[in-house]
Amino acid sequence: MSLRGKLTALSAATIAALVLLFAVSLNNGKAQLILDRQEKLRNLVESAHATVTHFEKQAKDGKLQADEAKKAAMDAIRSLRYDNIEYFWINDLGKPVPKMIMHPTVPALDDKVLDAERFNKATSMQKGDGKNLFVSFNEVVEAAGHGYVQYLWPKPKAGGGATTELYPKLSYVKKFEPWGWVIGSGIYIDDVDALFQQAARFLAWGLALAVSLRSHFSLSVATSSVRWAAIRTTRQRLPVVLLPATSPST
C-alpha cells in the first residue's frame with residue numbers, strides 16, 4: 001500500500017474512533033442528566049414522606065387524633081415548594097382509578113376520582129405504558145413501593161393558566177402504607193433534551209475540526225512525501241560529470 005493509502009486508512013480509523021467516542025459521550029451525558037433528576041426527585045419525595053411519617057407517629061403516640069394528624073400532614077405537604085413552583089401531591093390507592101387526597105395548586109381536584117381524559121398522558125414507567133398517569137403511579141408503588149413515571153404535561157404560564165403544548169415530565173412516587181396514600185412530585189425534563197442538543201452541537205463542531213485537521217495533516221504529509229520521492233528520483237537520474245584531475249603546478 002502506498003503512503004497516501006496508508007494515511008487515508010489511518011485517517012478513516014481515527015475518524016471512526018472519534019465518532020464512536022462522540023456517540024458514547026453524548027449517551028452517557030444524557031443518562032447522567034436523567035439520573036441526576038431522578039436522585040433529586042427521590043430525595044425530595046422522601047423528605048415529604050418523612051413529614052407524613054412524623055404526623056402518623058403523633059397519632060400513634062396519642063398526641064393527635066388520626067383525623068387531626070392526617071389534616072396536619074396534608075397542610076404541611078401543601079405548603080412545601082422547591083424550585084419556586086414545584087410541589088407535592090397526595091392521592092389514594094383506590095381502584096380502578098385513584099382519588100386525589102390533596103393537590104396544592106389545583107384544589108378543585110381534592111376528593112375527586114382522577115379518571116379525566118387529560119390524565120391519560122403516561123409515556124413510560126416501571127410497569128406498563130400509555131395509561132392514566134395516576135393509575136400508573138399506583139401500579140408502580142403497588143409493585144415496588146416507590147418508583148418513577150414519565151409523562152407529558154402542560155407548563156404553567158407566568159400570568160396564570162397553562163400552555164397548550166405538552167412537555168416531558170418525570171415524577172417519583174412513594175407509598176405511605178399506614179394511611180394508604182401515595183406521595184409524589186414531578187419535574188419537567190425538557191431541559192435535558194436542550195442540554196443534550198447543545199452538547200451534541202459542541203461535540204459535532206469539535207469532531208468536524210478534528211477531522212479537518214487530521215485530513216489536512218495527512219494530505220500535507222502525503223504531498224511532502226511525494227515531493228521528496230520525486231526529488232530523490234531526479235537526483236538519481238542526473239548524469240555524473242567527472243572532471244579531470246589537475247596536477248599541481250611545478
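Among I187, I77, a tally of other beta-carbon atoms within 10 Å of each Cβ gives an order, fewest to most, of I187, I77. Taking the Cα centre of each part, how many Å lie between the range 129-187 and the range 93-122? Spelled out, the Cα-based centre of one part sits 10 Å from the other. In the range 23-195, Rg over Rh equals 0.98, where Rg is the alpha-carbon radius of gyration and Rh the Kirkwood radius from pairwise Cα distances. Sorting Y148, Y188 by the number of Cβ atoms found within 10 Å of their own Cβ, with the fewest placed first, yields Y188, Y148. Note that the range 53-70 has calculated 3J(HN,Hα) couplings of 4, 4, 6, 5, 5, 4, 5, 4, 7, x, 7, 9, 6, 4, 5, 5, 5, 5 Hz, one per residue in order, obtained from phi through the Karplus relation 6.51 cos²θ - 1.76 cosθ + 1.60 (θ = phi - 60°); glycine and proline are x.
Each peptide in 108-118, 149-159 receives the mean, over its residues, of other Cβ atoms within 10 Å, and ordering these scores from highest gives 149-159, 108-118. If I take R0 = 41 Å and measure r between the Cβ atoms of S47 and E117 in this structure, what FRET efficiency does the formula 1/(1 + (r/R0)^6) give, to the nearest 0.05? Between S47 and E117 the formula returns 0.80.
No lab work stands behind these numbers, since they all come straight from the coordinates. In this text, all values refer to a predicted model and were calculated from it rather than measured experimentally. Cβ atoms come from the backbone with ideal geometry, glycine included; neighbour counts cover every protein chain shown.
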